[in-house]
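Trainee: After the structure tokens below, expect a handful of questions from me.
The values are calculated or read from the model by the stated rules, or taken from the named source; none is laboratory data. Bear in mind the structure is a predicted one, so any value in this text is a computation, not a measurement. Please note: Cβ atoms are built from the backbone with ideal geometry, for glycine as well, and neighbour counts cover all protein chains shown.
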């Protein structure tokens, strides 16, 4: 049960980082001219910053319970969330190169966890 709880920290970290990037994209699209006041009063920038602060807090919990060599590669799962969100929310194209990259990332994460569990 504790492993599931600790793994949920990784999921939360991925979610906060992904949402931070998505809100950052919305912020960039909504800010027509750059100004400091425009940035600090833009709700999307505020949400993006909030998500990244929460990600940093949750990430500390991840690092307490997982080795960095296991935890850090899991953050690459953010690529999946952001890529598919970009396609759905911003009508960006998903290319074959994107798909091949995601397959390689998935394979690497699988191997990392598979071999880490065998050595534990």
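Trainee: Working carefully through the options 64, 22, find the one that is within 21 Å of residue 3 (Cβ to Cβ) and in contact with a helix residue (DSSP H, G or I) (Cβ under 9 Å, 6 or more places away or on another chain). Give the derivation first.
Mentor: Numbers: 22 fails: within 21 Å of residue 3 (Cβ to Cβ).
Result of the check over 64, 22: 64.
Trainee: Could you identify the single residue in 43, 57 that is more than 20 Å from residue 86 (Cα to Cα), modelled with pLDDT of 95 or more, surrounded by fewer than 17 Cβ atoms within 10 Å (Cβ to Cβ) and out of contact with any helix residue (DSSP H, G or I) (no Cβ under 7 Å at 6 or more places or on another chain)?
Mentor: On the way: 43 fails: more than 20 Å from residue 86 (Cα to Cα).
Of 43, 57, the one residue that is more than 20 Å from residue 86 (Cα to Cα), modelled with pLDDT of 95 or more, surrounded by fewer than 17 Cβ atoms within 10 Å (Cβ to Cβ) and out of contact with any helix residue (DSSP H, G or I) (no Cβ under 7 Å at 6 or more places or on another chain) is 57.
Trainee: Okay, moving on. With the requirement that a residue be in a helix (DSSP H, G or I) and either touching a residue at least 60 places away in the same chain (Cβ under 8 Å) or closer than 13 Å to residue 19 by Cα (or both), what does the stretch 57-77 give you?
Mentor: Of the stretch 57-77, the ones in a helix (DSSP H, G or I) are 57-65, 68-77.
Within the stretch 57-77, 71, 74, 75, 77 qualify.
Trainee: I want to confirm something. Restricting to the stretch 4-25 and keeping residues that are closer than 24 Å to residue 79 by Cβ and without any contact (Cβ under 8 Å) to a residue 40 or more places away in the chain, which single residue is surrounded by the fewest Cβ atoms within 10 Å (Cβ to Cβ)?
Mentor: So the first thing to find is which residues in the stretch 4-25 are closer than 24 Å to residue 79 by Cβ, and the list is 4, 6-25.
Then drop every residue that is not without any contact (Cβ under 8 Å) to a residue 40 or more places away in the chain, which leaves 4, 7-8, 11, 19-20, 23-24.
Details: 4: 7, 7: 14, 8: 13, 11: 13, 19: 21, 20: 20, 23: 21, 24: 17.
Applying the filter and picking the extreme gives 4.
Trainee: Could you tell me which numbered condition residue 16 fails, if it satisfies all but one of (1) more than 21 Å from residue 109 (Cα to Cα); (2) in a helix (DSSP H, G or I)?
Mentor: (1)
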